[in-house]
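The values are calculated or read from the model by the stated rules, or taken from the named source; none is laboratory data. All values reported here derive from a predicted model rather than from experimental measurement. Here the Cβ positions follow ideal geometry from the backbone for every residue, glycine too, while neighbour counts run over all protein chains shown.
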Amino acid sequence: MAIDRRQLMTTALGLSAAAISSRPSAASTMSYEEAVQASRTPLRSTPRDRELVRFATLAANSHNTQPWIFSARGNEIVIAPDFARRCPAVDPDDHHLYVSLGCAAENLVLAASTLGWRANPVVDGDRIVIALEQAPPAASALAGAIPVRQCTRAAFDGRPVVPEMLRQLERACGEPNVSAILMTERAAIAKVADYVLEANSAQMRDKAFMRELVSWMRFNEADAVATMDGLFSHVSGNPSLPAWSRGRS
Ligand SMILES: Cc1cc2nc3c(=O)[nH]c(=O)nc-3n(C[C@H](O)[C@H](O)[C@H](O)COP(=O)(O)O)c2cc1C
């Protein structure tokens, strides 16, 4: 069984798999609110694989390209790269794409544990093979955060992060070959901000980067729901625009 996000939405509408190919725009019959609700509804125990995949697709992923193909068989779920969703301009070596697969695997492992399945992920070539075995259910704060976590691009209110949260961030980086550099001094932050701005400006001058970025932008709710991927301009504080305004019907 291969599953993608559009199919998950089709299931949420109560349509069968056969309806997917005959009605490719099934997901777009949902309103934006309904689609958000359907994708972020609390984890259910059945159908197990679809539910685990639904939670996996809520993971952070570069440009929200949803660059993965899930397949499930018995007690094994495989996450494979979807190279049709590559971003050659910003990610020529697929580094972001593979990081995104790792994020999805992490979500899947956490979600599985709450349902009473210990998930053992193994990297096999360019795929992640996750074997599930029954275990006592183990809820965790991280698993609980999956349906509510999201990136914010809202303006930072300037309040310092509380020290305990900084410690938590530091601890989260306590992996081999990983280290955190925390900057709390205004002067140090300003210096990095200058570099970020410079890098950002360089990217915006790059036509291929901009073309690719725009191709993954969704300028209104209907576009966002029809594709169930990409970056919805509204969440970056921009107004919704009709599709024709960027040359699409
Ligand atoms: C490898 C990777 C690189 C990312 N790079 C950026 C970035 O440069 N700028 C940004 O605003 N978000 C970046 N993101 C965040 C994604 O855009 C975000 O995870 C995706 O749109 C899904 O939205 P969500 O995390 O709110 O669910 C990145 C995420 C990943 C996994």
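Structure data summary
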item: Some residue of segment 119-133 being touching a Ser or Thr at 6+ places or on another chain (Cβ under 6 Å) and either away from the ligand (no atom under 14 Å from the Cβ) or of a type outside the set (A, V, I, L, M, F, W, C) (or both); result: no
item: Residue check, residue 212 within 14 Å of the ligand (Cβ to nearest atom) and assigned to a helix (DSSP H, G or I); result: yes
item: Segment 65-81: number of residues that are more than 13 Å from the ligand (Cβ to nearest atom), of a type outside the set (Lys, Arg) and touching a residue at least 60 places away in the same chain (Cβ under 8 Å); result: 4
item: Cβ pairs under 7 Å, 6+ apart, first in segment 141-157 and within 19 Å of residue 189 (Cβ to Cβ), second within 10 Å of the ligand (Cβ to nearest atom) and modelled with pLDDT under 95; result: 153/235; 153/236
item: 1 or more residues charged (D, E, K, R) and modelled with pLDDT of 95 or more: qualifying helices (runs of 4 or more DSSP H) within segment 1-107; result: 32-40, 48-56
item: Given (1) surrounded by 20 or more Cβ atoms within 10 Å (Cβ to Cβ); (2) under 18 Å from the mean Cα position of the chain (by Cα); (3) away from the ligand (no atom under 16 Å from the Cβ), index of the condition residue 110 fails; result: (3)
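So that you can scan it fast, the table gives a plain yes or no per residue for (1) within 23 Å of the chain's Cα centre (by Cα); (2) under 25 Å from residue 237 (Cα atoms); (3) surrounded by 11 or more Cβ atoms within 10 Å (Cβ to Cβ):
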position: 169; (1), (2), (3): yes, no, yes
position: 180; (1), (2), (3): yes, no, yes
position: 184; (1), (2), (3): no, no, no
position: 213; (1), (2), (3): yes, yes, yes
position: 221; (1), (2), (3): yes, yes, yes
